[in-house]
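A quick write-up on the structure given underneath.
The values are calculated or read from the model by the stated rules, or taken from the named source; none is laboratory data. This structure is a prediction, so every number in the text was calculated from the model and none was measured. Don't worry about glycine lacking a Cβ; one is built from the backbone with ideal geometry, like all the others, and counts go over all protein chains shown.
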Amino acid sequence: MPSSRPSVIDGLDVNEVKDGLIVYEETSDRVHYLNGTASIVFSLCDGQHSIDEIASVLATAYDLDAPPDATVEECLAALEKEGLLK
């Protein structure tokens with residue numbers, strides 16, 4: 001699990017597309033497609049937002065009754081596994 005205030009690695013080429021983000025990782029020559037939810041989580045991984053704050057933003061964005069803590073944790077774990085988080 002990433003730190004309590006996750007942040008993305010340096011040197012990524014991030015481009016917005018209609019339904020998410022395309023993230024190019026030059027060092028490994030890999031391209032990652034992030035859907036809308038993953039894009040919000042990824043964008044908030046700036047070292048300033050806590051995991052709880054990220055879940056709260058998603059709850060507001062999708063008009064949820066409660067923050068999607070499990071979804072955020074799964075997303076962060078996937079981003080970390082792909083090597084996109086510090």
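Okay, here's what the table says:
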item: Positions within region 1-42 being under 15 Å from E82 (Cα atoms) and small (G, A, S), in sequence order; result: S7, G11, S28, A38, S39
item: Test result for S39, out of contact with any helix residue (DSSP H, G or I) (no Cβ under 6 Å at 6 or more places or on another chain) and at pLDDT below 95; result: no
item: Of the criteria (1) more than 17 Å from E80 (Cβ to Cβ); (2) in contact with a Pro (Cβ under 8 Å, 6 or more places away or on another chain), which one C45 fails; result: (1)
